[in-house]
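Student: Pasting a structure here, questions to come.
Only the coordinates and a few stated rules stand behind these numbers; no lab work does. This one's a predicted model, so the numbers in the text were calculated from it and none came from an experiment. Please note: Cβ atoms are built from the backbone with ideal geometry, for glycine as well, and neighbour counts cover all protein chains shown.
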Amino acid sequence: MDKLVSVVIPCYNSYVFLPRLFDCLLAQSYKKLEIIAVNDGSTDQTNELFDVYKSKFINNNIDFIVIDQGNSGQAVAINQALKVFRGEYITWIDSDDWLENDAIELKYRYLEENSKLGFVRTDVAMYKYPDYENVTGLFSDNRDFKSTNIFMDLILEKNVYFCPGGYLVRTSSLLDVLPGRHIIESRAGQNWQLLLPLAEKYECGYIDKPLFNYLVRDSSHSHSVTDLDEKIKRCQIHKQLILNILSNLNVDYNFYEKILNTKYRNMIISLCYQYGDLDKFRLEFKKLGSKGFKNYLRLIVLLLKVKLGVFR
């Protein structure tokens with residue numbers, strides 16, 4: 001007998017994007033679904049859209065649950081859904097992305113056939129808003145998804161992605177690492193809080209097919225910050241979030257703290273170079289234990305650009 005799959009969708013002012021996602025869920029070849037939409041204080045017509053689609057889901061024998069909350073962010077929305085979801089598998093999807101029609105079935109069958117795996121990911125196709133027709137690339141174009149042990153990859157953000165709709169998670173594995181059905185609540189996001197505990201204990205499978213579609217939008221939360229100080233602040237918030245997660249896992253905290261310090265200093269140095277901020281570059285450069293040839297070269301180039309009055 002097919003098992004229930006829960007699909008969690010945090011929604012904030014998603015009226016324009018949700019029909020594509022809802023339609024793809026109605027068209028899924030796998031039908032035993034539970035849809036949990038968490039309205040994160042939307043001020044547009046998102047709630048009216050829920051009313052339109054509720055009957056459509058019911059007519060297709062799909063449970064459709066709506067949870068309302070004041071605008072608190074996606075992590076809080078995920079926690080709301082974690083309290084009530086009933087599926088033996090779970091996925092969570094950003095409201096502006098969508099799935100191929102066989103996505104849930106293929107991931108579900110894969111995990112049913114590979115009982116030792118805690119979760120599975122697929123390749124991802126990218127689209128540039130507002131063009132929904134032309135794929136701009138695949139995530140696999142510059143990533144190697146062969147590894148099933150992705151914990152360190154998540155820490156380093158190497159050969160992984162954080163688009164949640166590409167993953168399907170076995171509920172027994174999720175509740176094993178999150179028995180309280182609760183993640184750290186942060187405006188920095190929700191995916192590290194779910195994926196890191198899973199990857200620390202369970203292997204992740206891979207389906208070499210783009211079953212998930214990711215919409216790149218300049219106005220989205222992850223792409224909207226353009227100020228250097230704000231980007232540096234975001235790096236620092238992300239680092240602290242990961243450290244907070246690691247503090248609750250059975251890992252060598254000091255080991256990973258050193259790795260993260262180096263990672264984010266290099267990221268900030270790269271940002272300072274891009275923005276031509278020599279003072280901030282020097283500040284972070286001094287903190288690095290191993291400077292690296294690339295950073296020395298950047299320092300020389302940046303010094304020359306400042307001297308010549310040329311800024312990036």
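Student: Would you mind checking the stretch 174-214 for residues with the amide N under 20 Å from a putative spin-label position 7 Å along Cα→C-beta of THR136?
Tutor: 210-214
Student: Between their Cα atoms, which of LYS56/LYS83; LYS263/LYS291; LYS107/LYS239 are more than 20 Å away from each other?
Tutor: Going by Cα-Cα distance, LYS56/LYS83; LYS107/LYS239 fall outside the 20 Å limit.
Student: R0 = 22 Å: FRET efficiency of LYS83 with LYS54, Cβ-based, nearest 0.05?
Tutor: After rounding to 0.05, the efficiency reads 0.60.
Student: Sticking with this one: Where the centre of each part is set by its Cα atoms, how far does the stretch 183-261 sit from the stretch 262-312, in angstrom?
Tutor: Cα centroid to Cα centroid, the span is 24 Å.
Student: A further question follows. Once a ≥ b ≥ c are taken as the square roots of the eigenvalues of the Cα gyration tensor of the stretch 61-208, is the result rounded (a/c under 1.5), prolate (a/b larger than b/c) or oblate (a/b not larger than b/c)?
Tutor: Cα axes put the stretch 61-208 in the rounded bin.
Student: Still on this structure, please answer the following. What's the extension gain from VAL310 to ARG217 if we count 0.36 nm per residue and subtract their Cα-Cα distance?
Tutor: Here the answer is 30.5 nm.
Student: What does the C-alpha gyration tensor say about the overall shape of the stretch 156-297? Classify as rounded when a/c is under 1.5, otherwise prolate if a/b is larger than b/c, or oblate.
Tutor: prolate
Student: Put a dot 7 Å past each Cα toward the Cβ at LYS258 and ASP2; how far apart are the dots in nm?
Tutor: That separation, rounded to one decimal, is 5.1 nm.
Student: If you wrap a convex hull around the C-alpha atoms of the chain and split its volume per residue, what is the figure in Å³?
Tutor: 144
Student: Over the stretch 1-104, what per residue volume does the convex hull of the Cα atoms give, in whole Å³?
Tutor: Spread over its residues, the Cα hull of the stretch 1-104 gives 84 Å³ apiece.
Student: May I pose another question? Taking H placed 1.01 Å from N in the peptide plane, check which residues at least 5 places from PHE64 or on another chain put their amide H under 5 Å from its amide H.
Tutor: Counting only residues 5 or more places away or on other chains, the set is ILE35.
Student: Additional query: Between TYR129 and GLU185, how high is the FRET efficiency from 1/(1 + (r/R0)^6) when r is the Cβ-Cβ distance and R₀ = 35 Å? Nearest 0.05.
Tutor: E between TYR129 and GLU185, to the nearest 0.05, is 0.80.
Student: Related question: Label-point separation (nm) for LEU288 and LYS31, each offset 7 Å from Cα along Cα-to-Cβ?
Tutor: Once both label points are built, they end up 5.8 nm from each other.
Student: Using θ = phi - 60° and the Karplus form 6.51 cos²θ - 1.76 cosθ + 1.60, what ³J(HN,Hα) does each residue of the stretch 288-301 get, whole Hz, x for Gly and Pro?
Tutor: Result, ordered by residue: 6, x, 9, 6, x, 4, 4, 6, 4, 5, 4, 4, 4, 4 Hz.
Student: If each residue's Cβ is checked for other Cβ atoms within 10 Å, how do MET1, MET152 rank with the fewest at the top?
Tutor: By the 10 Å Cβ count, ascending, the order reads MET1, MET152.
Student: Still on this structure, please answer the following. If r is the Cβ-Cβ distance from ILE300 to ASN266 and R0 is 22 Å, what FRET efficiency results, to the nearest 0.05?
Tutor: 0.85
Student: Among SER247, SER6, rank each residue by its count of other Cβ atoms within 10 Å, from fewest to most, as a rough exposure measure.
Tutor: Result, fewest neighbours first: SER247, SER6.
Student: The stretch 134-163 to the stretch 109-127: how many Å between their Cα centroids?
Tutor: Comparing the Cα centres of the stretch 134-163 and the stretch 109-127, I get a distance of 13 Å.
Student: Which cross-chain or sequence-distant (5 or more) residues have an amide H under 5 Å from the amide H of PHE212, H modelled 1.01 Å from N in plane?
Tutor: GLU100, ALA125
Student: Tell me the mean residue ellipticity at 222 nm calculated for the chain from its helices only (DSSP H runs of n ≥ 4, each -39500 (n - 2.57), averaged over every residue, nearest 500).
Tutor: -14000 deg cm²/dmol
Student: On to the next question. With only alpha-carbon atoms in the gyration tensor, what are the semi-axes of the equivalent ellipsoid for the stretch 231-312, in Å, largest first?
Tutor: One finds semi-axes of 30, 13, 7 Å for the stretch 231-312.
Student: Let me ask you something else. Explain nothing, just compute: Karplus ³J(HN,Hα) = 6.51 cos²θ - 1.76 cosθ + 1.60, θ = phi - 60°, for every residue of the stretch 142-156 in order, whole Hz, x for Gly and Pro.
Tutor: For the stretch 142-156, the Karplus curve yields 9, 9, 10, 9, 6, 5, 9, 9, 10, 4, 5, 4, 5, 4, 8 Hz.
Student: Separate question: Please compute the contact order of the stretch 199-272 in relative form: average sequence separation of alpha-carbon pairs under 8 Å and at least six residues apart, divided by the residue count, as a percent.
Tutor: After rounding, I find 34 percent.
Student: Take every DSSP beta bridge with both residues inside the stretch 5-216 and express the antiparallel ones as a percent of the total, to the nearest 5.
Tutor: Around 25 percent antiparallel, to the nearest 5.
Student: Mind running the shape call on the stretch 74-142? Use the C-alpha gyration tensor, a ≥ b ≥ c as the square roots of the eigenvalues: rounded below 1.5 for a/c, prolate if a/b tops b/c, oblate otherwise.
Tutor: Here the stretch 74-142 falls in the oblate category.
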